[in-house]
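Only the coordinates and a few stated rules stand behind these numbers; no lab work does. What you see is a predicted model; the values in this text were computed from it and never measured. Quick reminder, even Gly has a Cβ in these numbers, built from the backbone with ideal geometry, and neighbours come from all protein chains shown.
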């Protein structure tokens, strides 16, 4: 999927699906499809990695809550 009009998130998901299928092809895993759990696992890890980088660079501030975590843009100093 390389259409220049493809929104970035859709392009990322297409790349994830292609990566899952390529991995299965290389390891002879059938069927050569990407199921929703596989897609969601990769995308979830991508989101977590991106959030961690954004916190590490100071763009976001991370807060622990009783139910999990929240993020906010780090105020300017």
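Expressed as an acute angle from 0 to 90° and rounded to the nearest 10, what is the orientation of the C-alpha long axis of helix 36-56 relative to the principal long axis of the chain?
Roughly 30 degrees, rounded to the nearest 10.
Using Cα pairs closer than 8 Å and at least 6 residues apart in sequence, work out the relative contact order for the stretch 1-63, in percent.
23
Grab the beta carbon distance between residue 65 and residue 5, set R0 = 35 Å, and tell me the FRET efficiency rounded to 0.05.
Plugging the Cβ-Cβ distance into 1/(1 + (r/R0)^6) gives 0.35.
If Rh is defined by the Kirkwood formula over all Cα pairs and Rg also comes from Cα, what ratio Rg/Rh do you get for the chain?
Rounded to two decimals, Rg over Rh is 1.12.
Using Cβ contacts closer than 10 Å as the measure, can you line up 48, 77 from fewest to most?
77, 48
Restricting to DSSP H runs of at least four residues, report the calculated mean residue ellipticity at 222 nm for the chain, -39500 (n - 2.57) per run over all residues, nearest 500 deg cm²/dmol.
Calculated from helices alone, the mean residue ellipticity at 222 nm is -18000 deg cm²/dmol.
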